[in-house]
Amino acid sequence: MAVILRIIPKEPVSFYTRAIKSYYFSTKDYVPSTTVRGSLLEAYLRKTSMEDLYKKMDSFYVSPAFPVSSAPAHPFLPAISRKSDDFAEEPNSLQIKSLKEDLQRMLDEIKEKISKDQYPKPKPGTVVKLTDSNSTPYKYKSIKFNSIINMHVAINRTHGSAEAGMLYVYEYKEMGDLWAIASEDLGVNEAYIGKSRYKGAGKVEVKKVKDYKMSYPKDGDWAYCLSPCLDRFLDKTFFEYDEALGKEEMYNSWFTYKDLMGRKPLLKVMSPGSIVKVKKIYDLDQLKPAGLNFMIKINDLRSFLLGVQ
């Protein structure tokens, strides 16, 4: 039995930054799983011992953290037009029988109901918020965080003045409440996410919302990737699949699982929001501590989001 966590930012957060010269900016509209997991385990260590922490590290996992009532859009939840921030989803959208035929039919239906002048455009992976769960198709809106730009400078300890060439610019995100699925409640009430925690950034409050039973796909099911998904790594196969629809991205993060601890591989993975027709499942839990393979069986995103809030 997993749990649903509510993560409430008390300060702006800088996370998953990419550097262009001395400018560091955030590249995601959600907090990656490994960032959330690291912050919770660090907070857990402050209230317990290193021995207890090691016991948790093999099994504790947490999904990416998304704004409340939001998650990555899947291909059957398209934008109503190519440049629109409005998205729509038909009930039971992921009850797929024929991928190509069902997708075409769904796009035609949404065009007829909502956007007769323009054709709907799938944008899998875009973080969308459920805004209307009663009328059909269900309505969503893409999410963007507000940004704060701060300057930082390194101080020369000898002279007590600014170090030449060491002026940096960081982008911080103003985020509302977030949700995530965790393997257990560590009893952590406060944590720090991301960089600059000593400069008034990154502080969050953590609350357990409820217990939650994840709906794992079975062989032959279509499944939804809440996190990046990886079917094979080294000599281990985690699942086999017949078809997949979505996007690919490069996974570049620290592994913190048993003998892979401390390594930083660069892997091609299926992006969050991708859907996969599973052929055979072997082990979906083994890479969850590394932020991978949160693969869930859902009827549509609306019913899933209502269940995790």
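The values are calculated or read from the model by the stated rules, or taken from the named source; none is laboratory data. For clarity, every value in this text was computed on a predicted model and none was experimentally measured. Cβ atoms come from the backbone with ideal geometry, glycine included; neighbour counts cover every protein chain shown. Quick note on the areas: whole protein, heavy atoms, side chains included, nothing else; ligands and nucleic acids left out. Shrake-Rupley method; radii C 1.70, N 1.55, O 1.52, S 1.80 Å.
Check the stretch 134-141 and report whether any residue there is over 30 Å from residue 58 (Cβ atoms), open to solvent by 30 Å² or more (accessible area, probe 1.4 Å) and modelled with pLDDT of 95 or more.
There is at least one residue in the stretch 134-141 that is over 30 Å from residue 58 (Cβ atoms), open to solvent by 30 Å² or more (accessible area, probe 1.4 Å) and modelled with pLDDT of 95 or more.
The residues of the stretch 85-98 that are within 17 Å of residue 125 (Cβ to Cβ) and open to solvent by 20 Å² or more (accessible area, probe 1.4 Å), listed by number, are 85, 86. Within this structure, residue 211 fails the test of being under 21 Å from residue 282 (Cα atoms), part of a strand (DSSP E or B) and either touching a Leu at 6+ places or on another chain (Cβ under 6 Å) or open to solvent by 80 Å² or more (accessible area, probe 1.4 Å) (or both). When the stretch 39-66 is filtered for residues that are of a type in the set (Phe, Trp, Tyr) and more than 30 Å from residue 144 (Cβ to Cβ), the ones remaining, listed by number, are 44, 54, 60.
Here's the yes/no breakdown for (1) modelled with pLDDT under 95; (2) part of a loop (DSSP other than H, G, I, E, B); (3) not hydroxyl-bearing (Ser, Thr, Tyr):
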residue	(1), (2), (3)
7	no, no, yes
24	yes, no, no
35	yes, no, no
41	yes, no, yes
55	yes, no, yes
59	yes, yes, no
83	yes, yes, yes
102	no, no, yes
108	yes, no, yes
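Quick check: anything in the stretch 150-172 modelled with pLDDT of 85 or more and not in a strand (DSSP E or B)? Within the stretch 150-172, none of the residues are modelled with pLDDT of 85 or more and not in a strand (DSSP E or B).
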